[in-house]
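Colleague: Can you read through this structure? Questions will come right after.
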Amino acid sequence: APLAERLVSKQWAERKSAYDDIVAGLGDGTLATQEYVAGLPKYVSDTNASCLSAALPLIAFIAKDPGFADVAEPVCKAVIAKGITGRASTKEKAGEACMSLVECGHGPVLLPRLITAMGVGAPKNMLASIDTVTSLVSAFGVKEECGIVPANIMSGIAKGAVH
C-alpha cells in the first residue's frame with residue numbers, strides 16, 4: 001500500500017512499516033521533512049507500543065524543519081505522556097527524541113512540560129520525568145536558553161516529593 005494509506009491504516013503493522021519507511025527516507029534524503037510535520041503529533045501519539053517506538057525517531061529529523069514550531073507543543077506532550085514511560089526500548093528512543101528537541105532549540109517548549117510532569121501523576125511517570133531531565137542536564141548543562149533552569153527543576157522535584 002502507498003505510504004499515505006499506511007500512515008492512517010487501522011493495522012498497526014502497516015503504520016509501523018510506514019514510520020520505518022519515513023525514517024529511512026528522511027535519513028537518506030529521499031523524503032522531505034515538511035511533508036510529515038503536520039502529522040508528527042499523531043505519529044508520536046500512536047497507541048500501539050511498536051508503532052510508537054518506530055515513530056519517535058522521526059522527531060530527530062522533523063524537529064529541524066522550520067514548520068516544527070507549529071507542532072512542538074503537542075509533540076512534546078506526546079513524548080512525555082507516552083514515550084518516556086513506555087517499555088525500555090521506547091524510553092530510550094523517547095530520551096533521544098528529547099535530546100533532539102533541545103538540540104534543535106525546542107527545550108523551552110519541552111522542559112516546562114517535563115518539569116510539570118515531575119510533580120503529577122503516577123510515581124513511575126514522575127520518576128521517568130526526573131530521569132529525563134537529569135539526562136538533559138547531564139548532556140547540555142544548565143542553560144536558560146535551552147529551558148534548563150535550576151530553580152524550575154528543583155521546584156518540580158519538590159512538588160513530586162510531597163505528592
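Colleague: Does the stretch 102-112 contain any residue that is at pLDDT below 85, open to solvent by less than 50 Å² (accessible area, probe 1.4 Å) and hydrophobic (A, V, I, L, M, F, W, C)?
Modeller: No: zero hits.
Colleague: Scan the stretch 98-148 residue by residue and report those that are part of a loop (DSSP other than H, G, I, E, B) and either of a type outside the set (V, I, T) or in contact with a Pro (Cβ under 6 Å, 6 or more places away or on another chain) (or both). Don't jump to the end; show me each part of the working.
Modeller: Let us first name the residues in the stretch 98-148 that are part of a loop (DSSP other than H, G, I, E, B), namely 104-106, 119-122, 141-143, 147-148.
Result: C104, G105, H106, G119, G121, A122, G141, V142, K143, G147.
Colleague: Quick one: count up the residues across the stretch 13-36 that are polar (S, T, N, Q), without any contact (Cβ under 8 Å) to a residue 12 or more places away in the chain and farther than 17 Å from C51 by Cβ.
Modeller: The qualifying residues number 1.
Colleague: Does A78 fit the bill of being hydrophobic (A, V, I, L, M, F, W, C), more than 16 Å from I148 (Cβ to Cβ) and either under 10 Å from the mean Cα position of the chain (by Cα) or open to solvent by 10 Å² or more (accessible area, probe 1.4 Å) (or both)?
Modeller: Yes.
Colleague: Run down S89, S53 and say which single residue is of a type in the set (S, T, Y), closer than 24 Å to I115 by Cα and modelled with pLDDT under 95. Working first, answer last.
Modeller: Numbers: S53 fails: modelled with pLDDT under 95.
From the options S89, S53, the qualifying one is S89.
Colleague: Here's something else I'd like to know. Quickly run through the stretch 27-65 and pick out the residues that are over 17 Å from the mean Cα position of the chain (by Cα) and part of a helix (DSSP H, G or I).
Modeller: Of the stretch 27-65, the ones over 17 Å from the mean Cα position of the chain (by Cα) are 27-32, 34-35.
G27, D28, Q34, E35 - these are the residues of the stretch 27-65 that are over 17 Å from the mean Cα position of the chain (by Cα) and part of a helix (DSSP H, G or I).
The values are calculated or read from the model by the stated rules, or taken from the named source; none is laboratory data. Keep in mind that this is a model prediction, so the values were computed, not measured. Neighbour counts are summed over all protein chains in view; Cβ atoms, including those assigned to glycine, are modelled from backbone coordinates with ideal geometry. When the accessible area is computed, the model is the full protein with side chains, heavy atoms only, and any ligands, DNA or RNA have been set aside. Shrake-Rupley method; radii C 1.70, N 1.55, O 1.52, S 1.80 Å.
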